[in-house]
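Following: one structure in structure tokens, then a few remarks.
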Amino acid sequence: MTTPNQAPESDQPRSDRPLRRRLWPWITSGVVLVLVAAVGVGAAVFQFGLPWWMGEGDRNHRYESDIGSQRYQVHLPPQYDGTTRLPMIMAIHGCGMSGYGWNSMKFTTQFNDLADREGFIVVYPTQRVFRNAVNCWNSGDPREQHRYDGEPALLAGVARQVVEEYHVDPDHVHVAGASSGAGTAVILAATYPDIFATATSVAGGEYGLNQVDADDPDATPPTYTARQAWSQMGDRARQVPLLVIQGEKDDVVPPIVATRLVEQWTAVGDLVDDGLLNNSLDLSETTTTVPAEPGRRAYTHTTITTPDGRSVVESYLVNEMGHVWPGPAGDGLFTDRAGPDASAIVWDFARRHPRGSPA
């Protein structure tokens, strides 16, 4: 039975309801495809940036190996002519960052401008998509702390590829990292001391930090993880100079982590010397305090050296600074323009310490 306003079912278009039923899956699928495409485009922009973000001398690359692939960007300074061997710094981003896309290591450090003035090559690897929920390097994963495998092998492969393709000075290959990337830089110093002349940790921690209980750090002394780092070096063991930069108010990676890193790497140097923790290097320590100025933070600079002037560790503790990369020109979410110029400090440290140099 029908009401006066309701047409008999036989009078309705036969295909109306079936057509509606047929259209909904197509519409839903279309929406899903659009969302997937949007996520893909967003991820690509985050990781790799937009075309107009590339500057003069920037070149994108992909390293391929049996264990995977790694994307990275190379910046060539005006001094590059294809024949002169220039130094190289690999800059490894931290969590919530990319190598050369959005909130990148490239813009945070402003290494490119410095490289153009000083004449060195910069390499920005970017974490592989969806390898980590917040785009960290997995330096806290024991599987990513060994030679020949995982992230260390990929990044060492990138370094070798850049050295070969761009005729880099093999004694001047350096690595610097921020946060999780700083942990990875330290891992590279332990696993590939034959490639990297120096390493820099900005707001990062020791090799094997994942073994340290934050509530009871003394239960795992730095000498314990130092032996592991030294063991990773194997017959390639050498004293790799380390630069540490730490914020006094860092509540993500607190200062005790930097203190432990300095102690660990000092112990690694001691082990490299004769295989024993016996202070055989006869190290000396010097600390200089730089007072605050208007718009600039105070900091202390400590150097630990051997009698013949070789640096084992140099460290900076910056007053009132958090979990950031300091520098007056930094551009990104994790920068502090009132802090000392970390990029200039990294370069000065690197140029003073070629691989095999006594100074």
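Taken together, the values in this text are just the output of simple stated rules run on the coordinates, not laboratory data. This one's a predicted model, so the numbers in the text were calculated from it and none came from an experiment. Note: ideal-geometry Cβ built from the backbone for every residue, glycine included; neighbour counts use all protein chains shown.
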Could you give me the ³J(HN,Hα) list for segment 65-75, computed from phi with Karplus coefficients 6.51, -1.76, 1.60 and θ = phi - 60°, whole Hz, x at Gly and Pro? 8, 5, 9, x, 10, 9, 8, 7, 10, 10, 10
Would you please classify the overall shape of segment 54-351 from the alpha carbon gyration tensor, given that a ≥ b ≥ c denote the square roots of the eigenvalues, rounded means a/c under 1.5, and beyond that prolate means a/b larger than b/c while oblate covers the rest? rounded
Amide H of Val244 versus every other amide H placed in the peptide plane: which residues, excluding those fewer than 5 positions away on the same chain, fall under 5 Å? Ser201, Glu314, Ser315, Tyr316
Residue separation between Ser69 and Arg160 times 0.36 nm, minus their alpha-carbon distance, gives in nm 31.4 nm
How far apart, in nm, are two points set 7 Å out from the Cα along the Cα-to-Cβ line at Asp331 and at His167? 3.1 nm
Determine ³J(HN,Hα), in whole Hz, for all residues of segment 174-183 in sequence, where each value follows from phi through the Karplus function 6.51 cos²θ - 1.76 cosθ + 1.60 and θ = phi - 60°; x replaces Gly and Pro. 10, 9, 9, x, 10, 6, 4, x, 5, x
Pop out the ³J(HN,Hα) list for segment 318-332 in order, Karplus 6.51 cos²θ - 1.76 cosθ + 1.60 with θ = phi - 60°, rounded to Hz; leave Gly and Pro as x. 9, 4, 6, 9, x, 8, 8, 9, x, x, x, 10, x, 9, x
Rounded to the nearest Å, what's the spacing between the alpha carbon centres of segment 326-357 and segment 124-165? Just the number, please. 22 Å
What is the sum of charges around Arg71, taking Lys and Arg as +1, Asp and Glu as -1, for the other residues whose C-beta is under 14 Å from the C-beta of Arg71? +2
At 0.36 nm per residue, and after removing the present C-alpha to C-alpha distance, how many nm does the segment from Asn279 to Ile256 gain when stretched out fully? 6.1 nm
If the chain between Lys249 and Arg236 were fully stretched, how many nm would it gain, using 0.36 nm times the residue separation less the Cα-Cα distance? 1.0 nm
Cβ density ranking, 10 Å radius, fewest first, applied to His353, His167 yields His167, His353
